[in-house]
Structures are given as structure tokens and as C-alpha cells.
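Read through the structure below, which is laid out as C-alpha cells, and then see the notes.
The values are calculated or read from the model by the stated rules, or taken from the named source; none is laboratory data. A quick note: this is a predicted structure, and the numbers were derived from the prediction, not measured. These accessible areas exclude ligands, DNA and RNA; they are computed on the full protein's heavy atoms, side chains included. Shrake-Rupley method; radii C 1.70, N 1.55, O 1.52, S 1.80 Å.
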Amino acid sequence: MESEELFDVVDEQDRVLEQLPRSIVHARKLLHRAANVFVFNSQNELLLQFRSATKDEYPRCYTSSASGHLSAGEDYTEAAQREMCEEIGIETPLEPLKKFPGTPQNAYEHTILFRTFSDGPFTFDPNEIERGDFFELQTIDAMLQESPDQFTPPFRQLYLWYRENFRS
């Protein structure tokens with residue numbers, strides 16, 4: 001049997017308090033860490049992943065190009081690079097954009113949003129991702145307006161911040 005992933009449990013200032021298994025961190029709604037990456041192509045379209053039906057949180061919803069929890073002892077950039085490689089099969093330089101505090105609205109995850117640029121090719125992890133597609137930002141705006149529940153709550157927070165701060 002595979003051992004359960006360990007997360008750093010952190011306080012409001014993102015200081016490590018202890019390490020606990022993923023299931024306990026989520027069940028108790030403890031503050032922990034995540035990294036999200038927005039991948040843009042040369043047409044300035046954003047790659048969204050459509051989560052597989054087997055995901056335990058927000059199955060069959062759109063989310064960031066790549067994202068995931070930090071493993072215990074991992075830093076945000078390492079996690080972002082790892083998730084990008086595992087989920088979409090690319091390695092590119094990352095630009096950190098903003099750190100968000102963990103709240104009930106973003107699943108109690110202190111999160112750093114990174115940005116990168118790539119036209120692929122991409123290799124999507126079939127266990128995590130049903131498909132990945134590039135969208136014009138105006139199309140995502142309309143999709144969010146029409147049906148916000150088709151996106152994960154953490155993605156909605158990050159994307160709305162991005163649109164307020166990067167008008168393109």
C-alpha cells in the first residue's frame with residue numbers, strides 16, 4: 001500500500017507547525033501550502049486543465065495549468081516545477097506573481113501563483129487531467145460569468161486577481 005503524502009501544516013504567517021498526512025490536513029481544514037502555475041502560449045491564451053472525474057476534490061472542473069500541494073519540506077518553486085513536469089510534461093522558467101494567504105475560500109492553502117510561457121508540446125497526466133485546452137482570457141471571463149462552478153474555487157480566486165492586475 002502506498003504511504004500517504006505528508007504536508008507541512010502552517011500558521012497564518014506560513015510558518016511550519018508540524019507535518020501531517022494529507023487526509024488529516026484536509027479533514028481538519030488545517031492551513032497548508034500549494035503552488036499554482038498559469039501557462040500562457042505565444043497568443044497570450046491561458047492553458048486550463050480539466051480535472052479528471054476521479055479527483056477527490058473538484059472533479060471535472062477547470063483549474064490552473066498546473067497546481068498542487070507542497071510536500072513536507074518542499075518550497076513553492078520546487079513544487080510548482082514538480083507539478084508542471086508531472087501534470088503537463090514541461091519544464092520552463094517560472095515567474096512568481098503573488099502569494100495568497102490560506103482561507104476557507106481557497107481550501108486553506110497558502111498559495112503562490114507563478115506564470116510561465118510555453119507552446120508545448122504538453123503531456124497530460126491521465127490520472128489527474130481529462131484534457132487541457134488554451135483559452136483566450138475573454139472566453140474564460142465569459143465562462144466564469146456564466147457558470148463559476150465549472151472552475152475550482154482556488155482557481156477563481158487566482159484568476160480574478162490576475163485579471164485585475166494584468167490587463168491584456
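How much area per residue is accessible in segment 83-134 when the probe is 1.4 Å and only protein heavy atoms are counted (Å²)? List each step's numbers first, then the result.
On the way: 2670 Å² over 52 residues.
Dividing the accessible area of segment 83-134 by its residue count gives 51 Å².
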Solvent-accessible area of E136 with every protein chain in place, 1.4 Å probe, in Å² to the nearest 10: 100 Å²
Most to least accessible of E83, E57 (protein chains only, probe 1.4 Å): E57, E83
Surface share of carbon and sulfur [accessible, 1.4 angstrom probe, percent] for the chain: 50 percent
Ranking by accessible area, most exposed first, for D11, D149, D75 with a 1.4 Å probe: D149, D75, D11
Residue-normalised accessible area of segment 7-62, given per residue in Å² at a 1.4 Å probe: 47 Å²
Rounded accessible area of F166 (nearest 10 Å², 1.4 Å probe): 60 Å²
Over the chain, relative contact order from alpha-carbon pairs under 8 Å, at least 6 apart, %: 25 percent
Distant-in-sequence amide H partners of S65 (H built 1.01 Å from N, under 5 Å): V37, V39, Q49
Karplus-derived 3J(HN,Hα), 6.51/-1.76/1.60, for each residue of segment 24-34, Hz, glycine and proline x: 6, 4, 6, 4, 8, 6, 8, 5, 8, 10, 8
Solvent-accessible surface ranking, highest first, for K98, K29 at 1.4 angstrom: K29, K98
